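Engineer: First the structure, then my questions, so here it is.
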Amino acid sequence: MTIHAIQEADTTYGATPYDSVWTSQEVPVQQPDALERTMLAQDKLYVVLAVVLIIWIGLAAFVYRTDRKIDRLERKLDARISDEDASP
Amino acid sequence: MATPGKTYKRLRNIVLAWLTLVVLGGFLLDIPRINILEHTARNLYFHVPMWFTMMAAFFVSAWHSARYLSSRDRVRDVRALEAARVGAVFGILGLATGIVWARFTWYVGQGIWWNFDPKQTMAAVQLLIYGAYFTLRASVEEPEKRARIAAVYNLFAAACVPFLLYVLPRQMESLHPGAEGNPAFSDITHPIMRVVFYAAVIGFIGLFWVLYTQRVRLAALNERADDIPEP
């Protein structure tokens, strides 16, 4: 599988114009920080967990917004229908 | 408007059960371990369907926009708007999940969150084009005019999708399959992963349909409430 990670990039062609790290440059590889150590544990399973959590939180936020629209509709109906009942 | 029928409810329940099974299958089934990918290969079931769903949603949106232009039916305008909204949500989720996936897989030790991968960049551009659609809608007061202008713009936005997400990224070097120098998706993916992946695509498109129809029903109710004479 030839996925082009930056370290493996062919440097004979020089830098690619859309790459923010020039491939001809020595890429400074840092020691894994605390965040990376956490995410890379368990054969990187936590990366999948993070991805699924992002999707879950995003969808939950969308459902929450729909709920707020329902609230607004309920208030509108309350205002109009109760006044109508009171009028006759 | 009629209350949602039996088929609607049954379909909704099937979608939710289906997606539950997809998540279970996505985590529990054994997959081949490939260097640097490791378990993150499972993101195929979650990150990629976001984009498929977004494209399906934008297609539905463009379809209703085209129908609006020929029929001038306001329901079409509402449908186009809500489909685009849900589609944009899936697009943002696709972008966010892609950033996390790449950060801890290909950019480990470099601390890069955003590396202008062609597909990633084009997807962001595509989302901005749709962002302009919502802004455009907000800027026109008169409903008739808004619906008409928005429908035309929406057709333009949808026409950009194949070019920004397929044609251009495939010309350049990218982490994504099918790009220059990378094998196509079907050549590198284990059969069991393909089964779960297609199931996930169907499931998330089903979820789009649930969220989208909820919004459309809500908008229809809102219009009915507006018809009640104000006291």
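Engineer: Output the number of residues of the range B:100-120 satisfying the condition of being more than 9 Å from chain A (Cβ to nearest Cβ), open to solvent by 30 Å² or more (accessible area, probe 1.4 Å) and out of contact with any Lys or Arg (no Cβ under 6 Å at 6 or more places or on another chain). Show your work before the answer.
Structural biologist: Applying the first criterion (more than 9 Å from chain A (Cβ to nearest Cβ)) to the range B:100-120 yields B:102, B:113, B:119-120.
Now drop any that are not open to solvent by 30 Å² or more (accessible area, probe 1.4 Å), which leaves B:113, B:119.
After this cut, where a residue has to be out of contact with any Lys or Arg (no Cβ under 6 Å at 6 or more places or on another chain) as well, the list is B:119.
Qualifying residue count for the region: 1.
Engineer: Still on this structure: Which members of the range B:64-94 meet the condition of being more than 14 Å from chain A (Cβ to nearest Cβ), assigned to a helix (DSSP H, G or I) and touching a helix residue (DSSP H, G or I) at 6+ places or on another chain (Cβ under 8 Å)?
Structural biologist: B:His64, B:Ser65, B:Ala66, B:Arg67, B:Tyr68, B:Leu69, B:Arg74, B:Val75, B:Arg76, B:Asp77, B:Arg79, B:Ala80
Engineer: Would you point out the residue of the range B:21-36, among those that are of a type outside the set (Lys, Arg) and open to solvent by 80 Å² or more (accessible area, probe 1.4 Å), that is farthest from the other protein chains (Cβ to nearest Cβ)?
Structural biologist: Taking the range B:21-36 first, the residues of a type outside the set (Lys, Arg) are B:21-32, B:34-36.
Add one more test, that the residue is open to solvent by 80 Å² or more (accessible area, probe 1.4 Å), and what stays is B:21, B:24, B:28, B:30, B:35.
Numbers: B:Leu21: 14, B:Leu24: 12, B:Leu28: 12, B:Asp30: 12, B:Asn35: 9 Å.
Across the range B:21-36, the extreme among qualifying residues is B:Leu21.
Engineer: Name the pairs whose Cβ atoms lie under 6 Å apart, with the first residue in the range B:202-231 and farther than 14 Å from B:Pro49 by Cβ and at the interface with another protein chain (Cβ under 9 Å from one of its Cβ atoms), the second open to solvent by 20 Å² or more (accessible area, probe 1.4 Å) and not charged (D, E, K, R), and 6 or more positions between them or separate chains?
Structural biologist: Going by the 6 Å Cβ cut-off, the qualifying pairs are B:Ala219/B:Val78; B:Ala225/A:Leu77.
Engineer: Going through B:Pro191, B:Pro183 one at a time, which residue ends up being facing another protein chain (nearest Cβ under 8 Å), out of contact with any Lys or Arg (no Cβ under 7 Å at 6 or more places or on another chain) and surrounded by fewer than 19 Cβ atoms within 10 Å (Cβ to Cβ)?
Structural biologist: Values: B:Pro191 fails: facing another protein chain (nearest Cβ under 8 Å).
So the residue among B:Pro191, B:Pro183 that is facing another protein chain (nearest Cβ under 8 Å), out of contact with any Lys or Arg (no Cβ under 7 Å at 6 or more places or on another chain) and surrounded by fewer than 19 Cβ atoms within 10 Å (Cβ to Cβ) is B:Pro183.
Engineer: Checking B:Val201 against (1) open to solvent by 20 Å² or more (accessible area, probe 1.4 Å); (2) of a type in the set (A, V, I, L, M); (3) more than 26 Å from B:Ala132 (Cβ to Cβ), only one condition comes out false. Which one?
Structural biologist: (1)
Engineer: Something else: Please work out which residue is farthest from the chain's Cα centre (by Cα), limiting yourself to the range B:45-55 and to residues that are part of a helix (DSSP H, G or I) and surrounded by 22 or more Cβ atoms within 10 Å (Cβ to Cβ). Talk me through it step by step, then tell me what you get.
Structural biologist: In the first step, residues of the range B:45-55 are kept if they are part of a helix (DSSP H, G or I); the result is B:45, B:47-55.
Right, trim to surrounded by 22 or more Cβ atoms within 10 Å (Cβ to Cβ) and you get B:45, B:47, B:49-51, B:53-54.
Details: B:Tyr45: 14, B:His47: 11, B:Pro49: 8, B:Met50: 5, B:Trp51: 5, B:Thr53: 4, B:Met54: 1 Å.
If we take residues in the range B:45-55 being part of a helix (DSSP H, G or I) and surrounded by 22 or more Cβ atoms within 10 Å (Cβ to Cβ), then B:Tyr45 is farthest from the chain's Cα centre (by Cα).
Engineer: Assess whether B:Thr97 counts as being assigned to a helix (DSSP H, G or I) and either within 11 Å of chain A (Cβ to nearest Cβ) or at pLDDT below 95 (or both).
Structural biologist: So B:Thr97 passes the test.
Engineer: What are the pairs with Cβ atoms under 6 angstrom where one residue, in the range A:31-53, is more than 7 Å from chain B (Cβ to nearest Cβ) and within 16 Å of B:Ile99 (Cα to Cα) and the other, located anywhere, is in a helix (DSSP H, G or I) and open to solvent by less than 50 Å² (accessible area, probe 1.4 Å)? Sequence gap at least six, or different chains.
Structural biologist: Correct list of pairs: A:Tyr46/A:Met39.
Engineer: Within the range B:70-93, can one find any residue that is out of contact with any strand residue (DSSP E or B) (no Cβ under 9 Å at 6 or more places or on another chain), at positive phi and open to solvent by 30 Å² or more (accessible area, probe 1.4 Å)?
Structural biologist: Yes.
The values are calculated or read from the model by the stated rules, or taken from the named source; none is laboratory data. Remember, predicted model here, so these are calculated numbers, not experimental data. Ideal geometry is used to build each Cβ from the backbone, glycine not excepted, and the neighbour counts take in all protein chains shown. Keep in mind that these areas ignore ligands, DNA and RNA; they rest on the heavy atoms of the full protein, side chains included. Shrake-Rupley method; radii C 1.70, N 1.55, O 1.52, S 1.80 Å.
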